[in-house]
Amino acid sequence: MSSTDAASSPSPFVSGVSPITETDAEIADALLAAELAPLLPALAYLTGDMTLLRDGLRPDPLMLSLPFSGYTDEQQAEIRSLALAALVRYRDGGCVPAPAPSDEALLRMTEHTVGGDGMADYLPLLEEELAYKGEDRRAPSWTAEALAPGVDISVVIIGAGMSGILAAHRLQQAGVAFTILDKNDEVGGTWFEAAYPGCRVDNPNHNYSYSSAQRHDWPFHYSPQGVLRDYFRACADHFDVRRHVQFGARVQQSVWSDADQTWTVTYSDADGHDQSLTANIVISAVGQLNRPKFPTEIEGFGSFTGETMHSAQWRPDLSLAGKRVVCIGTGASALQFLPHVAEVASSLVITQRTAPWLAPTPEYHETVPEGLRWLYGHVPSYSEFNRFSIFWRMGDGALEAVRVDPAWESDGTSVNAISDFTRQMLVEYFKAEFDGRPDLLEKVVPNYPVGAKRMVRDNGVWARTLKRPNVELTTDPIARITATGIEMADGTVHEADVILYGTGYEASKFLTPMTVKGREGVDLHEHWQGDARAYLGVAIPGFPNFFCLYGPNTNIVINGSIIYFSECGVRYVLNLVELLLAQKATSLEVRADVHDAFNERVDAENAGMAWGWSSVSSWYKNDLGRVSQNWPFTLLEYWQRTKAADPSEFQLTFPER
């Protein structure tokens, strides 16, 4: 790395950092808003002063998710004092970054950031993920014309959401022709569709964004839907992929021809006319969280004569003001929209089957303080080190908390000592939030391990909502839905004008309702029989040149951002396209034995995680009870396994000579 690298970035939204001209007092004021764990490591990187990395100021790994990274008031003051002195020296010295650190020094910086050791294996990932050199390290290093001059190759991408935009960008960089089909009339996928009130991401935006398209000016710590919708629109425009999208295109089926070694994708266009495209490769970028799940198992479902609405199909024109509202479900989406509903409804009855764990996040709805934005814009590498800090504490650094300890004596509410400690801390949060309401406290504290089910971020709004006089939380089972409301198992009837469904998505029903037919006409859904599997979430035996993004077992629970997984998955797909062209093959598919061995390992590892060990119901499991969603290994392993395709794991087909 050169000494100027610290101020460079591959992002179209970052033009570099500005020199510091502010006074000592103004710098000190900005430091009051700093994220503290990455601050001294970033300054050590910037200035070369390794004395900033003092053992007494390393964060406690168990406290990293707490406000101010869990530092005491005295530690916070010392960190800010050291940072102020370092930034004043940097300013007075002309804002010249120090020479690039050695790998040994960089390792010390990263280990100080996380408060732990053993980070050497992460250094290559970090250099790429954090784009230290100001270059896009995940861009393909090849082009189709250079590998296979004169060879025509085309790709159909299904979906113009986060993964589809990225796949299109990388294919365009490689000079591969592609068309994107999307059922909507705008890019963005889930972030275009999810229009319910309160919708926002539960991952900090420094982590939930493309590594090569970072922003220093995120307005919120956790962006609402509109901000992310606009971000992905801007990315599509900057990457110049919008012109390749056919909007309003609903894909019906994709059929492989062994004879032609091509896929034929049939779809209805925006005018309702049937159309088809033929391509060498199909990439499914349809995601997991786009088809609403309804509680059809409840007796009387569909008999209610009033208005109904699922969070995934929110209707802004349906006013809830003054209405009697019943909500079925308390999942992540429900906890976002229900506070808004409670403010306008005359009454709100919330039916809860399983209480969610709440992750205390005071800044969840807050804007990014001006001081923190100043640091991002004036302190080279601080934004990148903060991204790494988030990456770690929400990623591999949290994995041990949900790994089952076979020797741990559990009553079903924890899986190891760290799990039990985390539970105790969260229970104290519940007690504080629901102080004076023992009736509610009894209902809201979960009876399963943290991490066994999706956690929900909370800044106190859930307790405030449930304490409202017009809100009732019931944990009794629903006996039936009636024409005028719902009836509970104990005979209680709740009359309603509107029923809301906060019952999540059909996440495990991958690729539905599309039909996909591979070799010899085998139907993918019949092949899966309700138990979707793929190698690395991408490739499926018997379905050549068909690749999934955000496919089976690539969901994250507590470990990381799905954008990270999509970036790794897209690079892997590009590697497979490169292999196809370099070998002058017409198709490739993963070997069945490689696929099966991988899935056996996935299942074994998932069984040893909180979400596989616990019997609590969750969308992580399919209808057969198998965990078909989650990646149980480290983020590092997925990066390592998708960095380069192993040709020996695939069967290649060559043209007849």
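The values are calculated or read from the model by the stated rules, or taken from the named source; none is laboratory data. If you're wondering where the values come from, they're calculated on a predicted model, not measured in any experiment. When we count neighbours, we look across all protein chains shown, and the Cβ atoms used for this are built from the backbone with ideal geometry, even at glycine. Calculation scope for accessible area: heavy atoms of the full protein, side chains included, ligands and nucleic acids excluded. Shrake-Rupley method; radii C 1.70, N 1.55, O 1.52, S 1.80 Å.
Odds and ends about this structure:
- Selection from the stretch 380-434 of residues that are within 30 Å of GLY48 (Cα to Cα) and at pLDDT 95 or above: none
- Qualifying residue in the stretch 569-576 (condition: under 25 Å from ARG519 (Cα atoms), without any contact (Cβ under 8 Å) to a residue 60 or more places away in the chain and among the aliphatic types (A, V, I, L, M)): no
- Checking each residue in the stretch 524-569 for being of a type in the set (A, V, I, L, M, F, W, C) and over 15 Å from the mean Cα position of the chain (by Cα) picks out LEU524, TRP528, ALA532, ALA534, LEU536, VAL538, ALA539, ILE540, PHE543, PHE546, PHE547, CYS548.
- Looking only at the stretch 274-290, residues that are in contact with a helix residue (DSSP H, G or I) (Cβ under 8 Å, 6 or more places away or on another chain), among the hydrophobic types (A, V, I, L, M, F, W, C) and assigned to a loop (DSSP other than H, G, I, E, B) come to 2 in all.
- With respect to being of a type in the set (A, V, I, L, M), surrounded by 12 or more Cβ atoms within 10 Å (Cβ to Cβ), free of Cβ contacts under 8 Å to residues at least 12 places away in the same chain and under 16 Å from THR330 (Cα atoms), LEU441 fits the description.
- Taking strands (runs of 3 or more DSSP E) as the structural unit, those lying wholly within the stretch 476-536 and holding at least 1 residues that are among the hydroxyl-bearing types (Ser, Thr, Tyr) correspond to 498-501, 515-517.
- Filter pass, GLU128 being of a type outside the set (A, V, I, L, M, F, W, C) and touching a residue at least 40 places away in the same chain (Cβ under 8 Å): yes
- Residue in the stretch 165-182 that is among the β-branched types (Val, Ile, Thr) and open to solvent by 10 Å² or more (accessible area, probe 1.4 Å) present: yes
- The stretch 84-101 residues that are under 13 Å from PRO380 (Cα atoms) and among the basic types (Lys, Arg), paired with ones that are modelled with pLDDT of 95 or more and part of a loop (DSSP other than H, G, I, E, B) (beta carbon under 7 Å, 6 or more apart): ARG91/ILE20
- If you go through the stretch 517-535 and keep only what is out of contact with any Asp or Glu (no Cβ under 7 Å at 6 or more places or on another chain) and crowded, with 17+ Cβ neighbours inside 10 Å, you end up with GLY518, LEU524, HIS525, HIS527, TRP528, ALA532, ARG533, ALA534, TYR535.
- Taken as a whole, the stretch 361-373 holds no residue that is of a type in the set (Gly, Ala, Ser), under 23 Å from the mean Cα position of the chain (by Cα) and farther than 18 Å from VAL557 by Cα.
- Test: PHE294 is out of contact with any helix residue (DSSP H, G or I) (no Cβ under 7 Å at 6 or more places or on another chain), open to solvent by 70 Å² or more (accessible area, probe 1.4 Å) and more than 22 Å from GLY161 (Cα to Cα): no
- Filtering the stretch 307-330 to residues that are in a loop (DSSP other than H, G, I, E, B) and either in contact with a helix residue (DSSP H, G or I) (Cβ under 6 Å, 6 or more places away or on another chain) or open to solvent by less than 30 Å² (accessible area, probe 1.4 Å) (or both) leaves LEU318, LEU320, ALA321, GLY329, THR330.
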